[in-house]
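The next block holds one structure in the form of C-alpha cells; read it before the comments.
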Amino acid sequence: MVSRCTTVAFQGIRAVSVDVQVMIGPGKMMMQIVGLADKAVTESRERVQAALHASGLSMPNKRVTVNLAPADLPKEGSHYDLPIALALMCALGAMPADALEKYIVMGELGLDGTIAQVAGVLPAAIEANGMDKGLICPKPCGAEAAWADPQMDILAPRSLIAMANHFKGLQVLSRPVARLRSVESDLPDMADIKGQETAKRALEVAAAGGHNLIFVGPPGSGKSMLASRLPGILPDLEPKELLEVSMISSIAGTLADGQLSSLRPFRTPHHSASMAAMVGGGIRARPGEVSMAHNGVLFLDEFLEFSPQVLDSLRQPIETGETMIARANHRVSYPSRFQLIAAMNPCRCGMAGEPGHTCRRGARCATDHQARISGPLMDRLDLRVEVPAVSPNDLMQIKSGETSSDIGVRVQRARKFQAERYQALGQDQLTNAQTSHSVIEKVAEPDRSGKQLLKDAADKLKFSARGYHRILKVARTLADLGGVECVGRIHLAEAISYRTAGHKLAGVA
C-alpha cells in the first residue's frame, strides 16, 4: 500500500508541488528516502523515527521507502519531515488514509514529536490556495500562512499528537489569525539634521521617484545620518508590494513570529560583504541583500570599500529588477527591484576638495580611490550630491529643519500622482524610476524652452542614452513634487544639476 501527501519545493520565491509517497513493503527493517534529496532531507528519517517513537508509535518491522516526486527536482530543507511523518502515520493506520488529500504539508520535527518553524510558509500557502487546498504548517508559522486567503483551511499543530487527535475528532485546531507588525514610531527624523539643504532636497526627490542616489563628502558631514532618515519619509508598502517582500522574507526565514510589516525594507550590508551575500547564492541559492531590499532601499555606506566585483554585480539587478542565480542543474530567480543609496568619501583621506586642506599624496589620493567605481555603475546613479562638512559653529547657529512627517506628505502626494498616471496608461509601475524609456519620453516630454536646455546640456556634457532618460525621470519626479503636469525648464535644470555634480568623480560616465 502506498500512502501519499503533498508538500512543496522552492524555486526562487515560487513554490512547486511535490508528491510524497510512502510505501511499507517486505524486506529488512530500514527507511530509505529517494528523489534527489539533499543532506537535510535524507537526515529526516532519523527525526521522523524519533518523533514517531515519542508520540507512541513504532516503526514497522519492514522496509519503508519514501519517494519525493518528481525525482529530477532538487529537494532541499527540513520542511519535508512533517509530510513524511504524516504519510507514514496514514500508512500505519494512525490517521485516516484520506486525511491529507486536501492539504499541502510542511514542517520540521523535533525528536520529542513537536513541530518546529520552517522557512517558506507564505509561498507554500499561496501555492496551496492556487491548488484549492488547505495547508498544514507549524504553529509558529500559522499567522504567516493566514495571509494567503482569509477563507483558506489552515491547520497549525504544535505536535504530531495534536495533528492525529484533530483528524480523529479528539481535538479541534483553531484557524490561526493573520497579524501585522506594528509600524515603528521612533524612526530617525529629518529635523535632527541641521543644514545640508541640498542633500535633504535630493533625498526627498529620491524618495518621491524611487531614484538611485549617491552622497559624496568628507567624514562626519552627515552622509550616513541623511540616508538613515530615508525610511521615515518613504510611503508604506502597497498590498502587492507587501506580498512580494513578505514572500522573500519567508524564503529567507526572517519573518518574526509570522508577522508581516508594511515598512519598506532598509538593508545596510557591511562593506566586507561577498558576492553571494550581495546578490544571492550559496549551496541552496538563497536570496541576497539586493533581493532582501526588494521594494525598499539598499544603503551601501563606505561605497568604495566594497569590492569592485561586488559593486559591478549590482548593475544587472538595477537594470532588470531581477537576480538570476544559475546552477549546474537549475536556475533560480529572485525579484530585486531596489533603490540604491550610497555614501562615499571623495578620496582615501576623505578631505579632498575641502578648503585649506592639501593631501600629501596630491591628486592621486582621489584618483586612485574613485577608480574603484566603474563608469557603467556610475551611469546608473540618478542623483549625485556633494555633502560638504558642517562646522560646530554652523551647528550651533542653524535651526532644525522640516520634520520627516512634513516631507513624507509631499513624497506621498508625488507617489500618488505617479501611480494614477501609470495606472491610466495600463502600466504596472508605481514610480518614475521604474518606467520604461518609451513611456517616460511621453509622460515627461519637456516644453519648448526645456527641450532647448536639454539639447544644449547633452551636446556639452555628452550624456549617454541611459543618462538622458534618467534625467527625464528625475525631471518628471520634480514636476510631480511641484504638482505640475508639464515638465519645464526649471525641472530639467535641477535634474541636470544633480547629474553633473558627479563629473568630479573619476568614474563618471
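The values are calculated or read from the model by the stated rules, or taken from the named source; none is laboratory data. Every value quoted in this text rests on a predicted model; they were computed, and no experiment measured them. Here the Cβ positions follow ideal geometry from the backbone for every residue, glycine too, while neighbour counts run over all protein chains shown. Just so you know, the surface numbers come from the protein's heavy atoms only, side chains and all, with ligands and any DNA or RNA stripped out. Shrake-Rupley method; radii C 1.70, N 1.55, O 1.52, S 1.80 Å.
Here are the numbers for this structure:
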| quantity | calculated |
| --- | --- |
| Boolean, Gly350 is open to solvent by less than 10 Å² (accessible area, probe 1.4 Å), of a type in the set (Gly, Ala, Ser) and modelled with pLDDT of 90 or more | no |
| From the options Glu144, Glu108, residue that is under 30 Å from Ile233 (Cβ atoms) and either open to solvent by less than 50 Å² (accessible area, probe 1.4 Å) or in contact with a strand residue (DSSP E or B) (Cβ under 7 Å, 6 or more places away or on another chain) (or both) | Glu144 |
| Per-region count, the range 153-166, residues of a type in the set (Gly, Ala, Ser), without any contact (Cβ under 8 Å) to a residue 40 or more places away in the chain and either surrounded by fewer than 19 Cβ atoms within 10 Å (Cβ to Cβ) or within 19 Å of Ala54 (Cα to Cα) (or both) | 1 |
| Residue match in the range 167-183 (condition: in contact with a Ser or Thr (Cβ under 8 Å, 6 or more places away or on another chain) and open to solvent by less than 70 Å² (accessible area, probe 1.4 Å)) | no |
| Filter result (in contact with an Asp or Glu (Cβ under 7 Å, 6 or more places away or on another chain) and not hydrophobic (A, V, I, L, M, F, W, C)) within the range 1-25 | Arg4, Thr6, Ser17 |
| Residue list for the range 114-170, filter: over 18 Å from Val245 (Cα atoms) and either among the polar types (S, T, N, Q) or under 20 Å from the mean Cα position of the chain (by Cα) (or both) | Thr114, Gln117, Asn129, Gln151, Ser159, Asn165 |
| Test: residue in the range 195-205 that is under 30 Å from Asp480 (Cα atoms), open to solvent by 20 Å² or more (accessible area, probe 1.4 Å) and part of a loop (DSSP other than H, G, I, E, B) | yes |
| Near pairs, Cβ below 6 angstrom, 6+ apart or cross-chain, from the range 474-502 (without any contact (Cβ under 8 Å) to a residue 60 or more places away in the chain and among the basic types (Lys, Arg)) to any residue that is in a helix (DSSP H, G or I) and surrounded by fewer than 24 Cβ atoms within 10 Å (Cβ to Cβ) | Arg489/Ser449; Arg489/Gly450; Arg489/Leu453 |
| The one condition in (1) modelled with pLDDT under 90; (2) within 20 Å of Ile318 (Cα to Cα) that Arg466 fails to fulfil | (1) |
| Candidates Ala85, Ala125, Ala50 - the one that is surrounded by fewer than 20 Cβ atoms within 10 Å (Cβ to Cβ) and of a type in the set (Gly, Ala, Ser) | Ala50 |
| Unique residue being crowded, with 19+ Cβ neighbours inside 10 Å and either in contact with a strand residue (DSSP E or B) (Cβ under 8 Å, 6 or more places away or on another chain) or modelled with pLDDT under 95 (or both) when the list is Leu92, Leu36, Leu100 | Leu100 |
| Elements of type helices (runs of 4 or more DSSP H) in the range 411-509, at least 3 residues being open to solvent by 60 Å² or more (accessible area, probe 1.4 Å) and under 29 Å from Pro239 (Cβ atoms) | 437-443 |
| Among (1) at pLDDT 95 or above; (2) touching a Ser or Thr at 6+ places or on another chain (Cβ under 9 Å) - the single one Leu111 does not satisfy | (2) |
| Pick from the range 276-318, criterion more than 16 Å from the chain's Cα centre (by Cα) and among the hydrophobic types (A, V, I, L, M, F, W, C), ranking: most open to solvent (accessible area, probe 1.4 Å) | Ile283 |
| Yes/no for Leu263 being touching a residue at least 60 places away in the same chain (Cβ under 8 Å), part of a loop (DSSP other than H, G, I, E, B) and open to solvent by 20 Å² or more (accessible area, probe 1.4 Å) | yes |
| So Ala69, is it open to solvent by 20 Å² or more (accessible area, probe 1.4 Å) and either at positive phi or under 38 Å from the mean Cα position of the chain (by Cα) (or both) | yes |
| Residue match in the range 372-393 (condition: of a type outside the set (A, V, I, L, M, F, W, C), open to solvent by less than 50 Å² (accessible area, probe 1.4 Å), at pLDDT 75 or above and part of a helix (DSSP H, G or I)) | yes |
| Residue check for Leu135: part of a strand (DSSP E or B) and open to solvent by less than 10 Å² (accessible area, probe 1.4 Å) | yes |
| Which numbered condition Leu180 fails, given (1) at pLDDT 90 or above; (2) touching a strand residue (DSSP E or B) at 6+ places or on another chain (Cβ under 7 Å) | (1) |
| Residue list for the range 236-260, filter: of a type in the set (Gly, Ala, Ser) and part of a helix (DSSP H, G or I) | Ser246, Ser249, Ser250, Ala252, Ala256, Gly258 |
| Flag for Leu187 being under 30 Å from Ser17 (Cα atoms) and open to solvent by 50 Å² or more (accessible area, probe 1.4 Å) | no |
| Options Pro219, Pro150: the member that is of a type outside the set (S, T, N, Q), at pLDDT below 90, assigned to a loop (DSSP other than H, G, I, E, B) and open to solvent by 50 Å² or more (accessible area, probe 1.4 Å) | Pro219 |
| Residue match in the range 228-238 (condition: modelled with pLDDT of 90 or more, open to solvent by 40 Å² or more (accessible area, probe 1.4 Å) and not hydroxyl-bearing (Ser, Thr, Tyr)) | yes |
| Matching helices (runs of 4 or more DSSP H) fully within the range 289-334 where at least 3 residues are modelled with pLDDT of 95 or more, among the small types (Gly, Ala, Ser) and touching a His at 6+ places or on another chain (Cβ under 7 Å) | none |
